[in-house]
There are 2 protein chains.
Amino acid sequence: MKNATAKRLGHGAALNREDLARLDRFLHPVRRVPAGTDLIQRGETVSCVRLMISGLSARYKLLPDGRRSIMALLLPGDFCDLHVGVLGHMDHSVMTLAESEVVETSQSDIDGMMGAFPNIARGMRWIDMVDQSITREWLVSMGRRRADRQMAHFFCEIYHRMDMIDEVGSNSFALPMTQEELADTLGITPVHALRVLQSLRQSGMVQFQDGRISIPKLDSLETFAEFEGDYLHLGRS
Amino acid sequence: MKNATAKRLGHGAALNREDLARLDRFLHPVRRVPAGTDLIQRGETVSCVRLMISGLSARYKLLPDGRRSIMALLLPGDFCDLHVGVLGHMDHSVMTLAESEVVETSQSDIDGMMGAFPNIARGMRWIDMVDQSITREWLVSMGRRRADRQMAHFFCEIYHRMDMIDEVGSNSFALPMTQEELADTLGITPVHALRVLQSLRQSGMVQFQDGRISIPKLDSLETFAEFEGDYLHLGRS
DNA sequence: CGTCTGTTTGATCAACGTCAAGACCTGTGG
DNA sequence: CCACAGGTCTTGACGTTGATCAAACAGACG
């Protein structure tokens, strides 16, 4: 039974027994963080690297008028701020959307591990690249997909990302976020998010209630969303 | 007289004489590419790393119905595909919007240089981080800013990025892209792009004609766009 | 002279936002 | 046990932004 981090890294590089052992030592101590807590705030100087072990977090920015934009979801195995040390300060904030577990370590620890364990280093670079790819796909969704397709596309993506770390069971998984948070990640209003959600519900493609989502027929949803999963770099290309 | 690459790297790390000398050797040979050429296509296996020397390129994706989404502009000093080697294939394409000069090299060359010249390595990581930051800010613009503010914000950003490599003269600079390409980067239609452009022209904040843009009063434009430049990580903050 | 690409304009329509209000649930204090 | 507050979800009426459709115009080029 591997942890989410090992599963994620394993998609980008083959890990051997020593890699896994090093990782296990790395994943301590775990800090438990309640929902709605800022892990890092905009403007802060970054002093350490954080890794999501469990739960759900989000990168976000607040605009002058108080509106919010969520620019990324951090799932177990994602890094909050890998490499941001080279920048002077954070240009955005990261908050937990649900109770989460994180590991905090130093950039030098990371660098040391990457130097000594090339497979892990390769896996981490892979995670980094995939995160960038996801951000670009979100741009496509925002710019060129209608809200219903965009939401469907978003759900497909999260399904695959959750599946990657074995968090999907019988076509459903925990997605502990509110409609408002969903709206902020799609760039729409909560009212519209609800209406789109209702139309997806009516068509029988999605259930989303009480922090849990169920996707009975992923195929239909992917077709509807015109989902092309290559940007997640999962397959045997 | 330093080149654009050195200027960009220099913002992220202090370069000494040897660093600059190594860079100079690195920047050969230069390949000249006409406008409208794909430097890399989606699905391709990445065999080399490309660096923009001059001109203008764009990361983009095409949707099944033929619409296009431009997810990033590559200015001189930007890397086309730094580190994408760890991914099996490109998930998007890169094309020149104007005649450009690029340097093509291998990932192992890059790795060698980064290993031997820590300042350069640091500068390259800085460029990478800033590019990610810019992508995130575009997400904010797409999701939460009206088209007029979004376009204004975009122009402010490009102004600063061009200024960083000393390409701005008397408040104007070359931006050789069409209205259609502009629309594809903002996620709107060409017709609407024109109308927004006209409103910005009328207010006297922007001139944009014949591949050149002029911003007489950057302050006004930044205020209008609610532009907060910290995400470009330029300042001495 | 015709074709092509890019720009411009107008009329109409759909997607999405705004405003306002109520329902439901949970936790809290009297 | 009840009253109340706060957060989330839900619904309806109406307004705005931006898309769509169609056409004309200008310059570059063979």
For chain A: relative contact order, % (alpha-carbon pairs under 8 angstrom, 6 or more apart): 21
Cβ-based charge dipole, segment B:70-185, positive-most Cα from B:Trp138, B:Gly77, B:Leu182: B:Trp138
Listed residue (B:Met162, A:Leu197, B:Gln41) projecting farthest to the positive dipole end of the protein assembly as shown, Cβ model: A:Leu197
Across the identical copies, how the B:Asn171 labels are spaced - nm, sorted shortest first, 7 Å along Cα→Cβ: 6.0
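Rounded to the nearest 500, what is chain B's calculated 222 nm mean residue ellipticity when only DSSP H runs of at least 4 contribute -39500 (n - 2.57) each, over all residues?
-13500 deg cm²/dmol
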Full-extension gain in nm, B:Asp24 to B:Arg67, via 0.36 nm per residue minus C-alpha separation: 11.5 nm
For segment B:67-203, size of Cβ-based charge dipole, Lys and Arg +1, Asp and Glu -1, in debye: 880
Cα long-axis angle, helix A:17-26 against chain A (0 to 90 degrees, to the nearest 10): 80
Net dipole in debye of segment A:136-183 [+1 Lys, Arg Cβ; -1 Asp, Glu Cβ; about Cα centre; nearest 20]: 380
Inter-part distance where segment B:166-231 and segment A:58-123 are each reduced to a Cα centre, Å: 32
Computed over segment A:145-232: relative contact order in percent, which uses C-alpha pairs under 8 Å that are six or more apart: 38
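Please compute the average number of Cβ atoms from other chains found within 10 Å of each residue's Cβ in peptide A:177-188.
On the way: counts 0, 0, 0, 0, 0, 0, 1, 2, 2, 1, 8, 2.
Rounded to a whole number, the mean comes out at 1.
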Global form of the protein assembly as shown, assessed from the alpha-carbon gyration tensor, a/c cut-off 1.5: oblate
B from A by rotation - nearest chain A beta carbon to the axis, in Å: A:Met142, 2
Student exercise, segment B:1-121 dipole from Lys, Arg, Asp, Glu Cβ charges, in Debye to nearest 20: 300
Taking the C-alpha atoms of segment B:38-85, convex hull volume expressed per residue in Å³: 80
For segment B:145-232, accessible area per residue (1.4 Å probe, heavy atoms of protein chains only), Å²: 43
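If you roll a 1.4 angstrom probe over the protein chains with everything in place, what fraction of the accessible area of the protein assembly as shown belongs to carbon and sulfur, to the nearest %?
47
Can you work out the accessible area per residue across segment B:4-127, with the rest of the protein chains kept in place, probe 1.4 Å, in square angstrom?
38
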Percent RCO, i.e. relative contact order, over segment A:38-172, from Cα pairs under 8 Å lying at least 6 residues apart: 26
Net length gained if the chain between B:Ser108 and B:Ser203 were fully extended (0.36 nm per residue, minus Cα distance): 29.1 nm
Heavy-atom accessible surface that A and B bury in contact, both chains counted, 1.4 Å, Å² to 100: 4500
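The values are calculated or read from the model by the stated rules, or taken from the named source; none is laboratory data. Predicted model, so just to flag it, every value in this text is computed and none were measured. All Cβ positions, even for glycine, are placed from backbone atoms using ideal geometry, and neighbour counts span all protein chains on display. With ligands, DNA and RNA removed, areas are computed over all heavy atoms of the protein, side chains included. Shrake-Rupley method; radii C 1.70, N 1.55, O 1.52, S 1.80 Å.
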